[in-house]
Every structure is written in structure tokens, then in C-alpha cells.
Amino acid sequence: MGEQMSEPGRMMAEARLEFVRTFPVKRETLWAYLVEDERRRRWICGGDVEPRVGGRIVFDFDHRRLSTRPPPDHHADQQTVRFEGEVLIWDPPRRLAFSWPEADGATGTEVTITLTETDDGTEMRLVHTRLESAEYRLGAAAGWHSHLDLLADLVAGNEARDFWVSYADTEAFYRESLAGS
């Protein structure tokens, strides 16, 4: 891989993925990157977040904003995607949880993000649950890993790396490490 790999996510159980990363910023700054459209669109996706339990969270993905390269052929349909979820926990600037709808009306997944202040900045614990299929686990692991790397670049004051280049490397890593799970 072109760059040294950041801390990988771990499958904690067959359907539960966890990432733990520390970012060199205050918790309030990291929270803003989770819920403010202008900041969120720079590392993952745009969209409004209604700031309350039961509120709507919009996921407006446009990977053309994050990459100069086209997606791999098997992800060509993911260049632009839009869907909505529901805010399940709203506890600024500590915890945010939301539903992550799955395509074709299948049972959705859930994401819980916990921010804890540390001596080095803010630790983010991201847990994505209900990842039932191996294909979904692979996509979630590589996707979150790559998007979190972009977030790390931005909060460090650097230009964000190219998403699809990063994704190709992380997808290959997780395809091997998650084989059989």
C-alpha cells in the first residue's frame, strides 16, 4: 500500500465492527465533523442532521468530491448515493447513534459513535452493528476505514487523501483479513 495503514477496524462479533481512533482535536471539533453538513461532506458525505433523537439524518454521498479517480468497476454504482436514517442517540458532543439503511428494504444496520477526551485529543469509538453478510462487512470495514483516514487528514490540517485510492488498498486488506468471517 502507498501509505502506512492506520489502525484497522476489528470484527468484535460476526455482525459487529469497531474502530477506535484518536484525533488531535477537541471533542467539540470532532463532533462538528460528524453533524455539520459542510464539514461532513469533506470526509464522508453531506446531508442535514436533525439534532434530536428520532430526527432524520441524511447521507448524501458524492465520492466525486472525495476522489479524482473513478470508483473500481464493482463500485461504479456508488459514485453518488443518497439515503436517510434516524438519529437514535443525540448527546452532543459525546455520543451519536443512527440507523444506516440497507438497500432493497433489508434490515438496516446501526452506527454508534462515542467521543472521549484524552491527553492526545479525542478518542472516537465507532461501532457498526447488524452487518449480516460477508459482503456488507467488507464494504463497511473498508468504507469506514477509508473515510476515517480522510477525517484524520482534515483535522490534522492536511489535504485529504484520494478516497478511491485509499479504498482500494483498504478493501484488499479487509478482503484478506475478513475471509471466512
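Read the figures in this text as sums done on the coordinates, not as results from a lab. What you see is a predicted model; the values in this text were computed from it and never measured. Glycine also receives a Cβ, built like all others from the backbone with ideal geometry; neighbour counts cover every protein chain displayed.
Gyration tensor analysis over the Cα atoms of region 46-122 returns equivalent ellipsoid semi-axes of 26, 18, 11 Å (largest first, whole Å). At an R0 of 35 angstrom, the distance between the Cβ atoms of ALA76 and LEU178 translates into a FRET efficiency of 0.95. Less than 5 angstrom separates the built amide H of VAL25 from those of THR122, all sequence-distant by 5 or more or on a different chain.
Stretched out straight at 0.36 nm per residue, the stretch from ASP120 to ARG95 would grow longer than its current Cα-Cα span by 7.1 nm.
Based on alpha-carbon centroids, what's the gap between region 43-62 and region 122-175 in Å, whole number please? Between the Cα centre of region 43-62 and that of region 122-175, the gap is 18 Å.
3J(HN,Hα) along region 56-66, derived from phi through the Karplus expression 6.51 cos²θ - 1.76 cosθ + 1.60 where θ = phi - 60°, amounts to 8, 10, 9, 10, 10, 7, 9, 5, 5, 6, 10 Hz, with x in place of Gly and Pro.
Under the rule that an exposed site lies in a DSSP loop and has at most 11 other Cβ atoms within 10 Å, name the longest stretch of the chain with no GluC sites (Glu not before Pro) of that kind, not counting the sites themselves. Segment 15-158 is the longest. Ordered by the number of other Cβ atoms lying within 10 Å of each residue's own Cβ, fewest first, THR80, THR122 fall into the sequence THR80, THR122. Only Cα pairs under 8 Å and 6+ residues apart enter the sum, and on that basis the relative contact order of the chain stands at 24 percent.
Using the Cα centre of the chain as origin and beta-carbon charges of +1 (Lys, Arg) and -1 (Asp, Glu), tell me which of PHE19, GLY54, VAL111 is placed farthest towards the positive end of the dipole. The residue sitting farthest along the positive end of the dipole is GLY54.
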